[in-house]
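Below: the structure, in structure tokens.
No value in this document is a laboratory result; all are computed from the given coordinates. Since the structure is predicted, the reported quantities are computational estimates derived from the model, not experimental observations. When we count neighbours, we look across all protein chains shown, and the Cβ atoms used for this are built from the backbone with ideal geometry, even at glycine.
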Amino acid sequence: MNALKLQDAIVNDLQKLFSKRKYLTPDRETAAVSVFAQNLPKRDSEDDDDPFPYIIVRLDSGDIENQTSDYKVSVFLLVGVFNDSKVNQGHKTVLEMIELIQRHYEETPLLDGQFVFTDPSHWALQDEESYPFFFGGVEISFSVPAPRRKWSDLV
């Protein structure tokens with residue numbers, strides 16, 4: 001399925017985009033962003049830390065207007081960071097990450113030679129207090145080649 005290939009391509013692309021950027025972890029070390037497809041991995045126990053910082057690439061929906069158009073696939077990118085600074089401004093890191101992602105796909109809209117980023121994108125920050133964990137998300141859309149019926153199947 002092309003939507004799954006898109007998801008894998010976004011995961012790989014974001015891993016490259018954030019590979020040299022380091023963010024604070026709950027262990028007070030710095031680490032590159034972990035990028036996951038659809039969900040966070042299950043923890044072995046409640047004592048295990050969530051893998052902050054992270055981005056989840058979640059397929060949301062898709063549609064196709066007619067038999068000759070491409071699929072339009074909507075993807076949510078959920079961002080989670082840890083920041084225990086007393087100034088309580090971790091939302092700034094989340095927003096910087098979202099803006100980096102948006103700028104990246106606006107500047108290079110062709111992904112993996114087959115998926116095309118389409119405007120517009122929408123973002124949001126969490127609306128509830130969750131210090132020292134901060135969250136936000138951005139919705140992006142891609143045009144994805146749709147499989148076509150083979151003419152040999154019609155005869």
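Miscellaneous remarks
- Kirkwood Rh (inverse of mean 1/r, distinct Cα pairs), segment 2-153, angstrom: 16.6
- Over the chain, relative contact order from alpha-carbon pairs under 8 Å, at least 6 apart, %: 22
- Placing R0 at 30 angstrom, the Cβ-Cβ distance between residue 130 and residue 72 gives a FRET efficiency of 0.40 after rounding to 0.05.
- Net charge contributed by nearby residues that have their C-beta within less than 13 Å of residue 38 (K/R +1, D/E -1): 0
- Built amide H within the under 5 Å cut-off of residue 123, gap 5+: 139
- Calculated FRET efficiency for the pair residue 8/residue 103, C-beta based, R₀ 35 Å, to 0.05: 0.95
- Residues of segment 53-91 with an amide N closer than 17 Å to a point placed 7 Å from the Cα of residue 122 along the Cα-to-Cβ direction: 58-63, 72-79.
- Positive end of the dipole of the chain (Cβ unit charges, origin at the Cα centre): among 89, 41, 59, the Cα lying farthest that way belongs to 59.
- Net charge dipole size for the chain [Lys, Arg +1 and Asp, Glu -1 on Cβ; Debye, nearest 20]: 580
- Spin-label pair residue 45/residue 28, simplified geometry with 7 Å Cα→Cβ offset, distance in nm: 2.3
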